[in-house]
1. Inside the range 1-19, can you point out the residues that are over 21 Å from S50 (Cβ atoms) and either hydroxyl-bearing (S, T, Y) or in contact with a strand residue (DSSP E or B) (Cβ under 9 Å, 6 or more places away or on another chain) (or both)?
2. Residue check: is A8 closer than 19 Å to E81 by Cα and over 10 Å from the mean Cα position of the chain (by Cα)?
3. Is it the case, given these coordinates, that T71 is at pLDDT 95 or above, in a helix (DSSP H, G or I), polar (S, T, N, Q) and buried (at least 16 other Cβ atoms within 10 Å of the Cβ)?
4. Against the conditions (1) at pLDDT below 95; (2) over 13 Å from the mean Cα position of the chain (by Cα), where does N21 fall short? Just the number, please.
5. When residues of the range 21-34 are filtered for being in a loop (DSSP other than H, G, I, E, B) and surrounded by 20 or more Cβ atoms within 10 Å (Cβ to Cβ), how many remain?
6. Give the residue that is surrounded by the fewest Cβ atoms within 10 Å (Cβ to Cβ), with candidates limited to residues of the range 35-68 that are among the hydrophobic types (A, V, I, L, M, F, W, C) and touching a residue at least 24 places away in the same chain (Cβ under 8 Å).
7. Out of all the residues in the range 41-68, which are outside any helix (DSSP H, G or I) and either closer than 20 Å to M16 by Cα or charged (D, E, K, R) (or both)?
Amino acid sequence: MNVDEKIAQISDGLDMISGDNSIPRNIRRGADDVKRMLRNKIDPIDLRVSSATSRLDELANDPNIPLHGRTLIWNIMSRLEELA
């Protein structure tokens, strides 16, 4: 599986967060931001992955995120580690 396919899978997970109305709006917006970061082909993949991981870590530590949202973010972060 190449990098673009993995990014597409990660984007699907981020879409799940963005579309879940039980997750606070700021976290859904953050998921959209991360998706844009990953799809930005101008930056090298390692920079995109580290930026996305950092942002997802901030979102996972938000006190208002429900447990299932935090679990989704952790799963996405583990997939991102495969790209680094």
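The values are calculated or read from the model by the stated rules, or taken from the named source; none is laboratory data. Just so it is clear, the model here is predicted, and its values are computed rather than measured. Heads up, the Cβs are rebuilt from the backbone with ideal geometry, glycines too, and the neighbour counts pull from every protein chain shown.
1. If the condition is that a residue be over 21 Å from S50 (Cβ atoms) and either hydroxyl-bearing (S, T, Y) or in contact with a strand residue (DSSP E or B) (Cβ under 9 Å, 6 or more places away or on another chain) (or both), then S18 is the only one that fits.
2. On the way: closer than 19 Å to E81 by Cα: yes; over 10 Å from the mean Cα position of the chain (by Cα): yes.
The answer is yes for A8.
3. Values: at pLDDT 95 or above: yes; in a helix (DSSP H, G or I): yes; polar (S, T, N, Q): yes; buried (at least 16 other Cβ atoms within 10 Å of the Cβ): no.
No; evaluated as a whole, the condition is false for this residue.
4. Just one mismatch for N21, condition (1).
5. Step one: filter the range 21-34 for residues in a loop (DSSP other than H, G, I, E, B), giving 21-24.
This time we only want the ones that are surrounded by 20 or more Cβ atoms within 10 Å (Cβ to Cβ), so: 23.
Counting residues in the range 21-34 that are in a loop (DSSP other than H, G, I, E, B) and surrounded by 20 or more Cβ atoms within 10 Å (Cβ to Cβ) gives 1.
6. I45
7. Within the range 41-68, the subset outside any helix (DSSP H, G or I) is 41-44, 61-66.
Those that are outside any helix (DSSP H, G or I) and either closer than 20 Å to M16 by Cα or charged (D, E, K, R) (or both): K41, D43, N61, D62, P63, N64, I65, P66.
Okay, residues lined up against (1) of a type in the set (D, E, K, R); (2) in contact with a Pro (Cβ under 8 Å, 6 or more places away or on another chain):
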{"position": "G13", "(1), (2)": "no, no"}
{"position": "N26", "(1), (2)": "no, no"}
{"position": "M37", "(1), (2)": "no, no"}
{"position": "D43", "(1), (2)": "yes, no"}
{"position": "V49", "(1), (2)": "no, no"}
{"position": "D62", "(1), (2)": "yes, yes"}
{"position": "L80", "(1), (2)": "no, no"}
